[in-house]
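K.L.:
Next up is a structure, given as structure tokens.
The values are calculated or read from the model by the stated rules, or taken from the named source; none is laboratory data. Nothing here was measured: the structure is a model prediction, and the numbers come from that model. All Cβ positions, even for glycine, are placed from backbone atoms using ideal geometry, and neighbour counts span all protein chains on display. Note: areas computed on protein heavy atoms with side chains; ligands, DNA, RNA excluded. Shrake-Rupley method; radii C 1.70, N 1.55, O 1.52, S 1.80 Å.
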Amino acid sequence: MSDHDQVKMVPMNYDKNRPKAPNPVKIEDLSLRDGHQSLFATRGRTEDMIPVAEMMDEVGFWAIETWGGATFDTMHRFLNEDPWERIRTLKRYIKKTPFSMLLRAQNLVGYRNYADDTATAFVDRAAANGMDIFRTFDALNDYRNFETVVKGIKAAGKHFQGCICYTMTEPRMGGEVYNIDYFVKKAKDLESMGADSICIKDMAGLIAPYDAYNLVKALKAAVKPPIHLHSHFTSGMSPMSHLKAIEAGVDIIDTCMTPYAYRTSHAAIEPLVMTLLGTSRDTGFDIQLLAKINEKLEKEVMPKYKHLLDDSKTSIIDINVLLHQTPGGMLSNLVNQLREMDALDKITEVYKELPRVRKELGQIPLVTPTSQIVGIQTVNNVLFDDKNERYKMITDQVKDLCYGLYGKTAVPIDPQVQKKALKGYSRGEQPITCRPAEVIAPELEKAKKEIGDLAVDMDDLLIYAIYPVTGKKFLQWKYGQEEPPASVQPITLEKVKKRDALVKKALAGELVEKKKEAPAKSDNARVFNVFVDNEFFEVSVDPQGGPPVINIAQSALAMPAAPMAPMAPAAPAPVAAAPAPAAAPAPKPTPAAAPKPAPAASGKGKPLNAPMPGMIVNYAKKVGDTVTQGETVVVLEAMKMENALPAPASGTITAINFKSGDTVPKGAVLCTIE
Ligand code: CO
């Protein structure tokens, strides 16, 4: 075997105590963050990390990623776990290996730029709770959004890892925007900001092996900090890209333990260990120890999660990402969103519209939150636009982007789209060019006033400041003000075994279905005429407890505008609208997160129907308020994007049927106006 650039063969010794290689590739393990975020909708619980924590500490990883990205969101929203507590708990088991977190720069662990006071406090608390390495990225690669958090990271004496989001406009690296000069310039910017290491963040698995080679070579020649490659497996190229990057001299590679590897996650560590064994870049890892960790995970942990795996396809590679360059999480989010709106047949149109929207919005990289911003706007355009008008329903986040609130885009935003988005925009119709946080007023004092004593310390306050609606709900669970729903309870291995046994029995045909005999029709039975399109059905309704309630018929009539309203007969039950954590597929939303059915519309007048499933952020009006047509009445969050819904008519609000934090199905009557 011949030598390849940086990789030299050394005398063979496969013992676990073999001598250290001259320049071992350093490895960061992502199983406990990106791994379960990519494969299991970020649902990993702390209690399921503890069984392997001590063993993982023995492997010799350069770092273990334990936090950040969607974990903060999912933990407090779906798992009833305090995100801060996870760092402290894992630190008790993982004592030697540094912890790494993914920090969305001024977006912190949320989906918008927060004020400087929130950003400073967040970094300070993350460091104090035990975070060592801050992998920092900005979705637009606008490093002005790094300024505040980097100051905090440095002040806390922690490791600042600066990311360059890897993205392309061509089938391979190059073209006018994202070429090698672009990435080298970004790396130099990071070096001059004091980056302790530089990460190529390839969130969609787009980097091709020879591009990885050329890029790493160029970066190693241009800057001093160690170069780190984070490349998702999604397209299937990453193991090859890893090897070429290693040959080019990359310092650190990201991998996962096997049960958390592949698909939209990362390549597994074990094949890489064997690949490099006996070379100058040998990791030095004990393959037996890795096998032991995997066995424990397979037996004690994975049974609780495997139902979350998207098993709709046999292929573990998504070739769409090679064709459309969209990150895996974004794709599954789009598919889920379309499915929930009964519009899955529009997916081809979405693929066609997506590059157009991206270009019009400044050819931005597709990573949280920009992947959601571009994705949802694309879906809105496909569903609501017509021949005469594009961008009919612009999300608030696109308006913010057009205003400059996320930062500077790689190329200018289409002026026409920008003008339309900023018409009547609350902050002003003229976009800004300064660092975005400069126009964001301090938030913490206001948040403290709003949440009051429910936030006991700064950690609590930050949960609320970053996630006002779900954060407040979590604090109410945490301090016993509200009973947490059953859906947030962990599942035990025993329950999993019972469930599996039942499935096995069913598959073997050993379950006998009990048939219910039809009860006799009572005098209370009433006949209803039901019309579906042009078909007519006669339905008898016989309530089990007393005479029929006429309201039901009225509420069905109150939703004439939605042909697929959830109350129409034969329509499927409303799908859980729980927004998928960003960049993470949520293949099967837990039934417990199911929305409350739309209550009978009590108000008279014209209804405002939810155009999509989502969560109510707030109502801008209350009952009795007068509104003019087109005025914002309610803000609905769908897949993290906030949609300001306008009044369908002028008049007085006669009823408001939900409250902040409620999850609503498509077609739900949010309020009525007369
Ligand atoms: Co990632």
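K.L.:
For residues that are polar (S, T, N, Q) and in contact with a Ser or Thr (Cβ under 6 Å, 6 or more places away or on another chain), scanning just segment 26-62, find the one that is farthest from the ligand (Cβ to nearest atom).
P.N.:
Per the criteria, the residue is 46.
K.L.:
Considering each of 221, 291, 267 in turn, give the residue that is within 16 Å of the ligand (Cβ to nearest atom), aliphatic (A, V, I, L, M) and either under 18 Å from residue 203 (Cα atoms) or open to solvent by 40 Å² or more (accessible area, probe 1.4 Å) (or both).
P.N.:
Just a single option satisfies the conditions, and that option is 267.
K.L.:
Quick test for you: out of 335, 273, pick the one residue that is of a type outside the set (Lys, Arg), without any contact (Cβ under 8 Å) to a residue 24 or more places away in the chain and either within 16 Å of the ligand (Cβ to nearest atom) or not assigned by TED's automatic domain parsing to the domain that holds residue 42 (or both).
P.N.:
The unique qualifying residue is 335.
K.L.:
Now for a separate question. Would you confirm, using the coordinates I've provided, whether residue 216 is assigned to a helix (DSSP H, G or I), among the aliphatic types (A, V, I, L, M) and closer than 16 Å to residue 238 by Cα?
P.N.:
When the stated conditions are applied, residue 216 passes them.
K.L.:
Answer yes or no: is there a residue in segment 369-388 that is in a loop (DSSP other than H, G, I, E, B) and buried (at least 19 other Cβ atoms within 10 Å of the Cβ).
P.N.:
Taking every residue of segment 369-388 in turn, at least one turns out to be in a loop (DSSP other than H, G, I, E, B) and buried (at least 19 other Cβ atoms within 10 Å of the Cβ).
K.L.:
Further, regarding this structure: Within segment 448-455, is there a residue that is in contact with a His (Cβ under 7 Å, 6 or more places away or on another chain) and either open to solvent by 70 Å² or more (accessible area, probe 1.4 Å) or not assigned by TED's automatic domain parsing to the domain that holds residue 146 (or both)?
P.N.:
Scanning segment 448-455 turns up no residue that is in contact with a His (Cβ under 7 Å, 6 or more places away or on another chain) and either open to solvent by 70 Å² or more (accessible area, probe 1.4 Å) or not assigned by TED's automatic domain parsing to the domain that holds residue 146 (or both).
K.L.:
Follow-up. Only one of these conditions is not met by residue 475: (1) assigned to a helix (DSSP H, G or I); (2) at pLDDT below 95. Which number is it?
P.N.:
(2)
K.L.:
When the residues of segment 238-295 are narrowed to those that are of a type in the set (D, E, K, R) and not in a helix (DSSP H, G or I), which ends up farthest from residue 16 (Cα to Cα)?
P.N.:
Only one residue tops the list, namely 263.
K.L.:
Might you check whether a residue that is more than 29 Å from residue 291 (Cβ to Cβ) and in contact with a helix residue (DSSP H, G or I) (Cβ under 6 Å, 6 or more places away or on another chain) occurs anywhere in segment 260-272?
P.N.:
Within segment 260-272 (the criterion being more than 29 Å from residue 291 (Cβ to Cβ) and in contact with a helix residue (DSSP H, G or I) (Cβ under 6 Å, 6 or more places away or on another chain)), the answer is no, since none of the residues qualifies.
K.L.:
Same structure again: Within the group 313, 296, which residue is among the basic types (Lys, Arg) and modelled with pLDDT under 95?
P.N.:
After applying the criteria, what remains is 313.
To keep it simple, each residue is scored yes or no on (1) under 12 Å from the mean Cα position of the chain (by Cα); (2) at pLDDT 90 or above.
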residue: 331; (1), (2): yes, no
residue: 338; (1), (2): no, no
residue: 341; (1), (2): no, no
residue: 345; (1), (2): no, yes
residue: 356; (1), (2): no, yes
residue: 359; (1), (2): no, yes
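K.L.:
Specify the residue that is most open to solvent (accessible area, probe 1.4 Å); the eligible residues are those in segment 643-674 that are hydroxyl-bearing (Ser, Thr, Tyr) and under 18 Å from residue 614 (Cβ atoms).
P.N.:
660
K.L.:
Hey, any hits in segment 39-60 for a residue that's at pLDDT below 95, outside any loop (DSSP other than H, G, I, E, B), touching a His at 6+ places or on another chain (Cβ under 8 Å) and not charged (D, E, K, R)?
P.N.:
no
K.L.:
Do you know which residues across segment 40-67 are open to solvent by less than 10 Å² (accessible area, probe 1.4 Å) and among the aliphatic types (A, V, I, L, M)?
P.N.:
Those that are open to solvent by less than 10 Å² (accessible area, probe 1.4 Å) and among the aliphatic types (A, V, I, L, M): 41, 49, 52, 53, 56, 63, 64.
K.L.:
Determine, yes or no, whether residue 71 is open to solvent by 10 Å² or more (accessible area, probe 1.4 Å) and either under 20 Å from the mean Cα position of the chain (by Cα) or hydroxyl-bearing (Ser, Thr, Tyr) (or both).
P.N.:
no
Residue by residue, here is whether (1) out of contact with any His (no Cβ under 8 Å at 6 or more places or on another chain); (2) at pLDDT below 95; (3) within 16 Å of the ligand (Cβ to nearest atom) holds:
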{"position": "200", "(1), (2), (3)": "no, no, yes"}
{"position": "209", "(1), (2), (3)": "yes, no, no"}
{"position": "217", "(1), (2), (3)": "yes, no, no"}
{"position": "234", "(1), (2), (3)": "yes, yes, yes"}
{"position": "241", "(1), (2), (3)": "yes, no, yes"}
{"position": "246", "(1), (2), (3)": "yes, no, no"}
{"position": "259", "(1), (2), (3)": "yes, no, no"}
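K.L.:
Among (1) surrounded by 20 or more Cβ atoms within 10 Å (Cβ to Cβ); (2) assigned by TED's automatic domain parsing to the domain that holds residue 166, which single condition is residue 300 missing?
P.N.:
Just one mismatch for residue 300, condition (1).
K.L.:
On to the next question. Give the residue, chosen from 351, 305, 403, that is within 21 Å of residue 204 (Cβ to Cβ), in contact (Cβ under 8 Å) with a residue 12 or more places away in the chain and open to solvent by 10 Å² or more (accessible area, probe 1.4 Å).
P.N.:
Within the list 351, 305, 403, the selection yields 351.
K.L.:
For residue 392, are the conditions met, namely being open to solvent by 30 Å² or more (accessible area, probe 1.4 Å), basic (Lys, Arg) and assigned to a helix (DSSP H, G or I)?
P.N.:
no
K.L.:
Report those strands (runs of 3 or more DSSP E) wholly inside segment 63-175 carrying at least 2 residues which are away from the ligand (no atom under 15 Å from the Cβ).
P.N.:
Counting at least 2 such residues, we get 159-165.
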